[in-house]
Amino acid sequence: MKLELPNWIIILGGIGQIFTALIYPYIRHQVFDWYNDVKQLKPLNQEIAKTYGRYIQGLNFSFGLIAIIMPSDLKNHTNLAIAITGLIAAYWVGKVLTQIAYYPMYDIPQKKIFKIGSYFMNALFVFFAVVYSLLFIVNILNH
């Protein structure tokens, strides 16, 4: 298969993933009032929720950094390229599917900035899912 994604698209995806990692605390605090909800949990469950939040933030940042620093390595058809792009594709496809299936979004405050932000973030998630899925497929086909 001759389809090759240009490095700039992969780097743009990386910048977007780092953006999601950096904006994540703001969204949790300002949009979802997440911290007040977490305070209602038992102490151990509070720590588990915070830990998973940090995992999400760390993965988004790490995936973005990999894309920015090593875009050519993500598309070089090696076993590692297949594994990494498959992992990242599964992560973002799972995020998009979860967003559609389980997050009805009716609790998002109706401020215009939050509505626009939700469309923007969802578009980013779909973009990440498409880019990494394409990278994964092309890597497999050219392996």
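About its Cα centre, how strong a charge dipole does the chain have in debye, to the nearest 20, once Lys and Arg get +1 and Asp and Glu get -1 at the Cβ? Dipole size: approximately 260 debye.
Taking the charge dipole of the chain about its Cα centre, with +1 at Lys and Arg Cβ atoms and -1 at Asp and Glu Cβ atoms, the residue from Asn36, Ser62, Ala123 reaching farthest to the positive side is Asn36. What the Cβ-Cβ distance of Lys112 and Arg54 gives, at R0 = 25 Å and to the nearest 0.05, is a FRET efficiency of 0.25. Computed from the C-beta positions of Leu22 and His143, the FRET efficiency with R₀ = 41 Å rounds to 0.75. Applying a length cut-off of 30 Å (Cα extent along the axis) and a mean Kyte-Doolittle floor of -0.5 to the DSSP H helices of the chain leaves 43-69, 79-102, 112-141.
Using 22 Å as the Cα-Cα cut-off, could you pick out the over-long pairs in Lys2/Lys75; Lys50/Lys95; Lys39/Lys112? Intermediate values should be presented prior to the final figure.
On the way: Lys2/Lys75 12 Å; Lys50/Lys95 18 Å; Lys39/Lys112 28 Å.
As for pairs spanning more than 22 Å Cα to Cα, those are Lys39/Lys112.
Taken together, the values in this text are just the output of simple stated rules run on the coordinates, not laboratory data. Bear in mind the structure is a predicted one, so any value in this text is a computation, not a measurement. Every residue, glycine as well, gets a Cβ built from its backbone with ideal geometry; the counts of neighbours run over all protein chains shown.
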